[in-house]
Amino acid sequence: MDLSPGQQKAVFVLVVVVLAALGYWLILPKITHSHGSAQAAASSPAPSAAGSVPASGVPQGAAPAPSTASPAASGAVNIYSWLPFTQQGLAAAAAVTVKFGADYNTYSYTEDAAAYVGTMNGLITGQLATTLQGLYSTPGVAKVRNSQKQVSTGTAVIDSLRSFGPSSLTFVVTAGQHLVTSQGTTNGSAQYAITVTGSGTSWQVNDIELSTVGQS
């Protein structure tokens, strides 16, 4: 049964609140990972131009809930009975998103494209792996990365859940970067929309783009 527009808005607000709470004890944001490959410019927050990864076409609207909520014994509403995923599924999707967000900005000039993408094995779809490997190998990007001897360490934290459907979730993530080069050290960050697809507790990232892409 479809939810009314008012119910959908209420569900979305509740999901955002739950996600914020999970961030403290399930998601463990700001995970840092220290290896990967390198990137185009010292001030750039990713090895390729953010937004150059094509959108996956995953629907961004909220999906209708499969059933109405049942009050828990305590009288509290179980919002997960309205949603196409469980609490454990949401936590698993968020954990994959955070790890990928950190790995995306973690690399070294000593590693090639295969090694860079290899750190994300199991986290991303085959299509996204091919896309990232191609962007990382772009001659101009590789030349700057090697000439500056870039070594980057990434971090990631989820800011919000933008949208969800039966088999996809899109998170807004702030990805940080600590970049060491022959010219000095810089720190930066960028906000991305990262979409994961899957079900249950099995999820993979299939799209990343700047959070402002497609937003009015």
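How about the stretch 126-137: which of its residues are over 18 Å from Thr106 (Cβ atoms) and buried (at least 17 other Cβ atoms within 10 Å of the Cβ)?
none
Identify, by number, the condition in (1) out of contact with any His (no Cβ under 8 Å at 6 or more places or on another chain); (2) hydroxyl-bearing (Ser, Thr, Tyr); (3) assigned to a strand (DSSP E or B); (4) without any contact (Cβ under 8 Å) to a residue 12 or more places away in the chain that Thr170 doesn't meet.
It is condition (4) that Thr170 fails.
Filter the stretch 165-185 down to residues that are touching a Ser or Thr at 6+ places or on another chain (Cβ under 6 Å), of a type outside the set (A, V, I, L, M) and farther than 14 Å from Asp103 by Cα and give me whichever is surrounded by the most Cβ atoms within 10 Å (Cβ to Cβ).
Taking the candidates together, the pick is Phe171.
Just name the residue that is nearest to the chain's Cα centre (by Cα) out of those in the stretch 78-108 that are surrounded by fewer than 21 Cβ atoms within 10 Å (Cβ to Cβ) and within 30 Å of Lys149 (Cα to Cα).
Filtering first and then ranking leaves Lys99.
If we scan the stretch 142-149, do we find a residue that is in contact with a helix residue (DSSP H, G or I) (Cβ under 6 Å, 6 or more places away or on another chain) and either under 18 Å from Ser211 (Cα atoms) or crowded, with 16+ Cβ neighbours inside 10 Å (or both)?
No, the conditions are met nowhere in the stretch 142-149.
What pairs come up if the first residue lies in the stretch 124-146 and is closer than 15 Å to Ala114 by Cα, the second is assigned to a helix (DSSP H, G or I) and aromatic (Phe, Trp, Tyr), and their beta carbons are under 9 Å apart, counting only those six or more places apart or on different chains?
Ile124/Phe100; Leu132/Tyr104; Leu132/Tyr116; Gln133/Tyr116; Tyr136/Tyr116; Ala142/Tyr136
Go through the residues of the stretch 152-164 one by one and say whether even a single one is among the charged types (D, E, K, R), more than 17 Å from Ala115 (Cα to Cα) and crowded, with 17+ Cβ neighbours inside 10 Å.
yes
Among (1) part of a strand (DSSP E or B); (2) free of Cβ contacts under 8 Å to residues at least 40 places away in the same chain, which single condition is Gly176 missing?
(2)
Rule-based calculations on the coordinates, nothing more; no lab input. Quick caveat, the model's predicted, so the values are computed rather than measured. Virtual Cβ from ideal backbone geometry, glycine too; neighbours counted across all protein chains shown.
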